[in-house]
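The values are calculated or read from the model by the stated rules, or taken from the named source; none is laboratory data. Just so it is clear, the structure is predicted and the values come from calculations on it, not from any experiment. For neighbour counting, all protein chains shown are included, and Cβ atoms are generated from backbone atoms with ideal geometry for every residue, glycine included. Protein only, heavy atoms only, side chains kept; ligands, DNA and RNA dropped before computing areas. Shrake-Rupley method; radii C 1.70, N 1.55, O 1.52, S 1.80 Å.
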Amino acid sequence: QVQLVESGGGLVQAGGSLRLSCSASGSIFVINAMGWYRQAPGKERELVASITTDDGTTNYADSVKGRFTVSRDLAKNSVYLQMNRLKPEDTAVYYCNTIGGRDSRYIYSYWGQGTQVTVSS
């Protein structure tokens, strides 16, 4: 059993900042990558940012480059998303995602329950 617990969502005015946190626990001893996706009403879920656990390679959606920063804490099996200069179009449910498993032979994709981010204009 693997659990992803997210925190940090909320309501903020345009131009403001929020920091999302996600911690993985349970039977997950190998993590290859962690990241954040988001889904706005009526839209498909999309990648926001991801980071590998070995060398810290990051990947960002074009819409958030220069505003959002993804980071990780390997000791805590945690991933963070610092969101600055937020825009109303960033409003969505944000989901934590982890690629990992009990060992390297069994790697799966796990999802958090989602946290709402609302940016008012």
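Protein heavy-atom accessible surface, 1.4 Å probe, per residue over the chain: 53 Å². Radius of gyration over Kirkwood radius for the stretch 23-88, both on Cα atoms: the Rg/Rh ratio is 1.00.
The percentage of C-alpha pairs in the chain whose separation is greater than 26 Å is 17%. Restriction of the GluC sites (Glu not before Pro) in the stretch 1-103 to DSSP coil positions whose beta-carbon has at most 12 other beta-carbons within 10 angstrom yields 44.
For the stretch 1-87, applying the loop criterion from DSSP together with a ceiling of 16 other beta carbons within 10 Å to the trypsin sites (Lys or Arg not before Pro) yields 43, 45, 65, 67, 85. Exposed loop positions in the chain were taken to be chymotrypsin sites (Phe, Trp or Tyr not before Pro) whose DSSP state is not H, G, I, E or B and which have at most 13 other beta-carbon atoms within 10 angstrom. Between these positions, the longest stretch is 30-105. Split the accessible area of the chain by element, probe 1.4 Å, and carbon with sulfur accounts for 48%.
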